[in-house]
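Here is the structure we will look at.
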Amino acid sequence: MKKIYILFITALLSYNAFAQQDAMFTHYMFNTLAVNPAYAGSRNALTLTALHRSQWVAFDGAPTTQTFTMHSPIIKQNIGLGFSFINDKIGPVDKTSFFADFSYTFKISEKGKLSMGIKGGLNIMSVGLSDLNVEDAYDPVFDQNIKSKLLPNFGFGIYYHTDRYYAGISTPSLLEVNFDDNTVEGSANLFSEKRHYFFIAGAVFNLNETGSIKIKPTTYVKMTNGAPLEVDLTATFIFQDKFWAGPMMRTGDAVGVIAGLNITNQLSAGYSFDWSFTNKTFSYNLGSHEIMLRYDFVKVGNDKVLSPRYF
């Protein structure tokens, strides 16, 4: 019976089985360290970023995701160190990841820098069976929650950037690990994690002579074996380097808007809404919402920190 329920949980994850297993973000351009360790230290400051995503609001058991990242350059700004935390919950299934990030940066032109990075850390998955509403409240199958072992993983990334554009490729989890149930004898296979590949790119262009209005097109491409290619496209308009807003599209999934504010030269806040137009749940939920906070805590090194930083 317990193995049958595990199969049911796998079915619950079907929206990722036919797309991507890793958590999705509309604020991907602010959450770069979560998918590419080479980004660590690239802002010339100790940067803290927090994000919360509520997907398919008002749909029972809908996904929710939280991320927290921090990173900073050290040792003459050639080396970057960072930390990434991701918690992704879908119904009773909860996956948590902790990763440390390391990058080394080469200056390859007057304005361009190329960074190479690695990340390593631990994943854990749990299934809260005891929190479910079941017909038989005394069914012993649901008395005990499922919890996997702590499983290590590592990844790498490459990131090129200037003041006006960037591009990067990465695979944050190289090992295709199996999350085994360590609460029962025999360790039944709970979930298998597939290797994902990511491509990110973006640029900033002035739309008028004074530069008071800019456009920042960005993209986030997700690839994994056995699933369709998924592409996020966003066109953000920036006004007076203070406010930004623009449309977004996720191929085969959603359309929406993103907006935000540079509250100070160090503190930024953002909000996004996207609506899934192809998923069968779209008639039963209120869309997906994200909020983001980023703070450049302190300048590191002697180089001038651009205010604001666009990437």
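Please find, among Ala62, Ala34, Ala40, the residue that is farther than 19 Å from Lys95 by Cα and among the hydrophobic types (A, V, I, L, M, F, W, C).
Ala40
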- Scanning the range 237-277 residue by residue, those closer than 24 Å to Asn206 by Cβ and not in a strand (DSSP E or B) turn out to be Gln240, Asp241, Lys242, Ile263, Thr264, Asn265, Gln266
- Message: Six or more apart or on different chains, Cβ atoms under 7 Å: show the pairs whose first residue is in the range 195-209 and closer than 11 Å to Thr219 by Cβ and whose second is polar (S, T, N, Q) and not in a strand (DSSP E or B).
- Response: Phe198/Asn36; Ile200/Thr32; Ile200/Asn36
- Query: What number of residues in the range 219-236 are farther than 21 Å from Leu267 by Cβ and in a strand (DSSP E or B)?
  - Reply: 12
- Query: Mind checking which residues of the range 166-178 are assigned to a strand (DSSP E or B) and either under 15 Å from the mean Cα position of the chain (by Cα) or surrounded by fewer than 18 Cβ atoms within 10 Å (Cβ to Cβ) (or both)?
  - Reply: Ala167, Gly168, Ile169, Ser170, Thr171, Asn178
- Limited to the range 70-120, what total is found for residues that are free of Cβ contacts under 8 Å to residues at least 24 places away in the same chain and crowded, with 17+ Cβ neighbours inside 10 Å? 1
- Message: I'd like to check something: does the range 126-136 contain any residue that is over 19 Å from Asn36 (Cβ atoms), at pLDDT below 95 and part of a strand (DSSP E or B)?
- Response: yes
- Do we find that Gly186 is at pLDDT 90 or above and either more than 19 Å from the chain's Cα centre (by Cα) or assigned to a strand (DSSP E or B) (or both) in this structure? no
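The values are calculated or read from the model by the stated rules, or taken from the named source; none is laboratory data. The model shown is predicted, which means the values in this text are computed figures rather than measured ones. So basically every Cβ, Gly included, is an ideal-geometry build from the backbone, and we count neighbours across all protein chains shown.
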